[in-house]
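The values are calculated or read from the model by the stated rules, or taken from the named source; none is laboratory data. Because the structure is predicted, anything quoted here is derived from the model rather than measured. All Cβ positions, glycine included, derive from the backbone under ideal geometry; neighbour counts span all protein chains shown.
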Amino acid sequence: MRTQVAIIGAGPAGLLLSHLLHLNGIESVVLESRSRADIESTIRAGVLEQGSMDILDEAGIGERMRKQGALHHGFELAFGGGRHRIDLLELTGKAIAVYPQHEVIIDLVAARVAAGAQPLFETSEVALHDIDGARPAVSFMHQGEAGRIEADFVIGCDGYHGVSRPMIPQGVREEFQRVYPFGWFGILVESAPSSNELIYAQHERGFALVSTRSPTVQRLYFQCDPKDKVENWSDDRIWNELHARLEHKDGWKLNEGRIFQKGIIGMRSFVCAPMRHGCLFLAGDAAHIVPPTGAKGMNLAISDVKLLSRALSAFYRSGHQGLLERYSEEALKRVWRAEYFSWWMTRLLHTFADATPFERRMQQAELENLVASRAMRTALAENYVGAF
């Protein structure tokens, strides 16, 4: 098989890139190790910046997002017994949408199928060849048969554990990582939303987050030991912990309901540089991971492929390679800013077991300064909505 661009991974990065290339008349093939049912049913968080919403709209795949996504003009910070609203719209003129990642994937897969370019699902033994040479290729197994795709470029959108990033030689590749000493215990709950907007709560017992997935489903998180076990947490214990961390003296109450999903996720910050080697380009989680506190993961993936689609379109339109050559540098500028913001939000809102009494007081002082200062609230809001 011959194509112009081979894409490994059918997450938001790989699928959106394939669709954007299609809109510019560029052929691509997407390989994915999981089934379509798996990627469309794996429920993950999803906060879309205004710029990400605009890209999906411009690509013709924003209709369901606009109808079903929850548009939020602000969020609340809860600490010290009170709640304080950060008015994103007033501070930046922009908003965010809560629209889960798997819903974005459903929209993207439907768009690719409608264009006659369904990804190759359930592939295995994927390997990259000659990414430094003139004939880059990807070999794989699909439905019991060996396959091989020759392409001009190979794009690795296959996540942190994928095969793409290790193809950049260790002498070229530099990796930066911070693993946090806590995780998030997440639950999905059948109930009406407890709040119209997200609530980020800092508490001496640990961080907590209130979000929504639909008018009948809540997504709730609380800080936990990343080595803990789901089975150690009964429903009653979960609710007691969430009530303790979230409820204060203002009368607001957390809505309970049937918990139908539980899970623990680890927290890390990670960056690979450069994001290009030869004919191989990395995008999304293959190149960088952020803790979810800053709500940047899917937005960074969308930002990456926006740059890549423009660079590849310029190359195929006029032979211009400047944008391809600058891709890694330009992408990493946005990546490091998002990494900083996500690290800052994580440090600000979580309880660190080894923090000294002085450090805990500094955390409280920073939160109080933040809500008291318009300049600090504006900086937070600009980073949160991606207004840069």
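Within segment 327-343, being in contact (Cβ under 8 Å) with a residue 12 or more places away in the chain and not acidic (Asp, Glu) holds for Tyr327, Ser328, Ala331, Leu332, Arg334, Val335, Trp336, Arg337, Ala338, Phe341, Ser342, Trp343. When Phe121 is tested against (1) in contact (Cβ under 8 Å) with a residue 24 or more places away in the chain; (2) closer than 15 Å to Gln4 by Cα, exactly one condition is not met: (2).
Of the residues making up segment 39-96, those that are over 19 Å from the mean Cα position of the chain (by Cα) and of a type in the set (Val, Ile, Thr) number 2.
I'm checking my understanding of the structure. Among residues of segment 144-168 that are of a type in the set (Gly, Ala, Ser) and assigned to a loop (DSSP other than H, G, I, E, B), which one is nearest to Leu282 (Cα to Cα)? Selected residue: Ser164. The residue list Leu56, Leu120, Leu71 contains one member that is touching a strand residue (DSSP E or B) at 6+ places or on another chain (Cβ under 8 Å) and over 28 Å from Asn24 (Cα atoms), which is Leu71.
Yes/no matrix, rows are residues, columns are (1) in a loop (DSSP other than H, G, I, E, B); (2) under 30 Å from Glu330 (Cα atoms):
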{"site": "Arg219", "(1), (2)": "no, no"}
{"site": "Phe222", "(1), (2)": "no, no"}
{"site": "Glu241", "(1), (2)": "no, no"}
{"site": "Leu254", "(1), (2)": "yes, no"}
{"site": "Ile265", "(1), (2)": "no, yes"}
{"site": "Ser269", "(1), (2)": "no, yes"}
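Looking at (1) outside any strand (DSSP E or B); (2) surrounded by fewer than 12 Cβ atoms within 10 Å (Cβ to Cβ); (3) modelled with pLDDT of 95 or more, can you tell me which one Gly206 breaks? That leaves (2) as the condition not met. Looking across segment 231-252, the residues that are under 28 Å from the mean Cα position of the chain (by Cα) and touching a residue at least 40 places away in the same chain (Cβ under 8 Å) come down to Trp233, Ile238, Arg245, Leu246. What do you reckon, is Lys249 of a type in the set (D, E, K, R) and modelled with pLDDT under 95? Considered against the rule, which asks whether it is of a type in the set (D, E, K, R) and modelled with pLDDT under 95, Lys249 comes out as yes.
Among what's in segment 375-388 and is part of a helix (DSSP H, G or I) and in contact (Cβ under 8 Å) with a residue 24 or more places away in the chain, pick the residue that is nearest to Gly80 (Cα to Cα). That would be Arg377. Comparison of Ile265, Ile155 shows that the only residue that is modelled with pLDDT under 95, within 20 Å of the chain's Cα centre (by Cα) and among the β-branched types (Val, Ile, Thr) is Ile265. Among the residues of segment 145-163, just one is of a type in the set (Gly, Ala, Ser) and either buried (at least 24 other Cβ atoms within 10 Å of the Cβ) or outside the structural domain of Leu308 (by TED's automatic domain parsing) (or both), namely Gly156. For segment 169-193: of the residues being in a loop (DSSP other than H, G, I, E, B) and under 24 Å from the mean Cα position of the chain (by Cα), which is nearest to Ile39 (Cα to Cα)? This residue is Pro193. All of Val154, Val189 fail the test of being in contact with a Pro (Cβ under 7 Å, 6 or more places away or on another chain) and of a type in the set (A, V, I, L, M, F, W, C), apart from Val154. Any chance segment 273-290 includes a residue that's touching a residue at least 24 places away in the same chain (Cβ under 8 Å), in contact with a strand residue (DSSP E or B) (Cβ under 6 Å, 6 or more places away or on another chain), part of a helix (DSSP H, G or I) and not hydroxyl-bearing (Ser, Thr, Tyr)? Yes, the conditions are met somewhere in segment 273-290. Filtered by the rule that a residue be surrounded by fewer than 24 Cβ atoms within 10 Å (Cβ to Cβ) and out of contact with any strand residue (DSSP E or B) (no Cβ under 7 Å at 6 or more places or on another chain), segment 2-20 gives a lone residue, Leu20. For segment 283-316, the set of residues classified as surrounded by fewer than 19 Cβ atoms within 10 Å (Cβ to Cβ) and modelled with pLDDT under 95 is empty.
Okay, residues lined up against (1) in contact (Cβ under 8 Å) with a residue 12 or more places away in the chain; (2) assigned by TED's automatic domain parsing to the domain that holds Met298:
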| residue | (1), (2) |
| --- | --- |
| Ala37 | no, yes |
| Met65 | yes, no |
| Gly82 | yes, no |
| Asp107 | yes, yes |
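The set of residues from segment 152-192 being free of Cβ contacts under 8 Å to residues at least 40 places away in the same chain and hydroxyl-bearing (Ser, Thr, Tyr) is empty.
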